[in-house]
1. Taking region B:119-167 as the region of interest, how many residues are within 14 Å of another protein chain (Cβ to nearest Cβ), surrounded by 11 or more Cβ atoms within 10 Å (Cβ to Cβ) and basic (Lys, Arg)?
2. What number of residues in region B:122-173 are farther than 30 Å from residue A:23 by Cβ and of a type outside the set (Lys, Arg)?
3. Within region A:1-86, considering only helices (runs of 4 or more DSSP H) that don't extend past its boundaries, which have at least 3 residues that are open to solvent by 30 Å² or more (accessible area, probe 1.4 Å), at pLDDT below 95 and within 29 Å of residue A:117 (Cα to Cα)?
4. Does residue A:126 count as closer than 30 Å to residue A:231 by Cβ and surrounded by 23 or more Cβ atoms within 10 Å (Cβ to Cβ)?
5. Could we say that residue A:277 is crowded, with 21+ Cβ neighbours inside 10 Å, touching a residue at least 12 places away in the same chain (Cβ under 8 Å) and not hydrophobic (A, V, I, L, M, F, W, C) here?
6. Which of the residues belonging to region A:123-154 are charged (D, E, K, R) and away from chain B (no Cβ under 11 Å)?
7. For region A:155-263, please list each of the helices (runs of 4 or more DSSP H) lying entirely inside it that holds at least 3 residues being open to solvent by less than 10 Å² (accessible area, probe 1.4 Å) and within 14 Å of another protein chain (Cβ to nearest Cβ).
8. Name the pairs whose Cβ atoms lie under 6 Å apart, with the first residue in region A:130-152 and outside any helix (DSSP H, G or I), the second at pLDDT 95 or above and of a type in the set (Val, Ile, Thr), and 6 or more positions between them or separate chains?
Amino acid sequence: MKWYEMQGKNKDVVISSRVRLARNIEGYPFPTRLDEKGAQEIISKVREAFGNEYTYTDLTALSPLEIKGYIERQEISTDMAKAKGPHGLLTSDKNGVSIMVCEEDHMRLQCVMSGLALREAYELVAEADDKADSALDIAFDEKLGYLTHCPTNLGTGMRASVMVFLPGMTMSRQIQSLSSQLQKLGLTVRGMYGEGSAADGCIYQISNQVTLGITEEETLDKLSNIIDQIVVSERQLRESIIKSDELCDRIARAEGVFRYAKMISSSEFMKLYADLRLGVSTDIIRGISYEKLDSLLVNVMPANLMLDSEQLSADEKQRDKLRAEKIRTIIG
Amino acid sequence: MLCQRCKKKEANVFYRESINGKETNYSVCSDCAREMEEKGEIKNHLSHFESHPTGFGDLFSSLFGAVSAVPGVREATLGKRCSLCGASYSDIAKNGKTGCPQCYSVFSGELSGTVNRIHGNTAHRGRAPKAWKEKLDRTALLESLKKELSESIKAEEFEKAAELRDKIRAIEKSN
């Protein structure tokens, strides 16, 4: 099952939790300096280490549209899509752990879970890491920790991030100050789809910045504690903003558009999505589950719409039509 | 190694040129390298390296010390390449990323400032590969025993100190 089909904790504020570990194999250049033969060797070593429980997808054999679908579902990074040499993705249906092979590091092990579940995600990804460790010679240094392509990942090689929905903080213009406070704690806030992307739909990613000199547990505790505090203050802010008749009207209109409109562009979707999600989390809108809301986030993106409907050459106008239909089907 | 051109000074610039598959290698001293470049015998040489301070790009420009701006480092780093991946410090500074795990030991001097600027002056704590775990645990144990030893000496608890000393010796011996 995918994260967006599962239930989770603190779903009114936390959409998902993700933990990622960067690992490399001793004796091989990092993917940007690796020749085709070396990359193939890495791929076969990693596949062997993870065994039959994991399925390998050769990403170089997929169409650009299919790759875009993987990115929209957040199964691979945009960097992975740009990789030039052989690269692929190992996935397991059993535990939701996936491994990007030959992205910027030889391995990027990751696990995404619904709601606030950093510890649980870490445990699953650590289990996969043990598997890699027992079969492969992992690059490590006593002082620098796990050796990674980018020095910003040295140490634990771990990036823990939480996707949060913050309409209260956004509307009361507190994101800027939140961001500067988090920075002081070695954490960072970014838009929904990672580095440099705009915070569409009041959705943000909060993650750890520092990876050296702090243990995995300490990082997870710090991030979880901060998220708990954000959850509390976001809920309070929502209480006060939903007293506004204008906002309640906007929420009801968003539901109306989603239920009855015939064409919805992706920018209109993102704007109205925030209102819909706020409506559900404050009980103004009933009968739409968080799983449905999460599944909307993934399934109405352009590539997934086209792949799902098998209209691979749909233009923008056709996609807007497909999007409206898809939204109706999902929210029921 | 002596400069292959003047045969007097130590060679500290290693230059590899590959044109249509034909590879030429020079091992020269920095004076000869400069002269060769002026005469057009080699292209994009020092100017190529020196252009990096401005061309390092976005985020990492401030994190990586410019090769030519660090006195003493420049000459040494110009010729040095990682034997596993072939990266020079210039290659690493250009995009802010290393070429392979070994780069961290080959360029440890050059990279230490960068790592400090990103993470602070600190050392790894946390998970480790199995092969390392035992060693790290032993180091941590030794450190705490040594601390205890110096404390017991200060407190004039010599019997305890002797016990601790024997323990430390035993662990060090087993290393």
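1. 5
2. Filtering region B:122-173 down to residues farther than 30 Å from residue A:23 by Cβ leaves B:145-170, B:172-173.
From the residues that got through so far, the ones that are of a type outside the set (Lys, Arg) too are B:145, B:148-153, B:155-159, B:161-164, B:166, B:168, B:170, B:172.
The qualifying residues number 20.
3. By residue number, A:64-72, A:78-82.
4. On the way: closer than 30 Å to residue A:231 by Cβ: yes; surrounded by 23 or more Cβ atoms within 10 Å (Cβ to Cβ): no.
Spelling it out, it is not the case that residue A:126 is closer than 30 Å to residue A:231 by Cβ and surrounded by 23 or more Cβ atoms within 10 Å (Cβ to Cβ).
5. When the stated conditions are applied, residue A:277 passes them.
6. Listed by number, the residues that qualify are A:123, A:127, A:131.
7. Of the helices (runs of 4 or more DSSP H) lying wholly inside region A:155-263, those with at least 3 residues that are open to solvent by less than 10 Å² (accessible area, probe 1.4 Å) and within 14 Å of another protein chain (Cβ to nearest Cβ) span A:216-241.
8. A:136/A:25
The values are calculated or read from the model by the stated rules, or taken from the named source; none is laboratory data. Note that the structure is predicted; figures quoted are calculated from it, not measured. So basically every Cβ, Gly included, is an ideal-geometry build from the backbone, and we count neighbours across all protein chains shown. Surface accessibility is based on the protein's heavy atoms, side chains included, excluding ligands, DNA and RNA. Shrake-Rupley method; radii C 1.70, N 1.55, O 1.52, S 1.80 Å.
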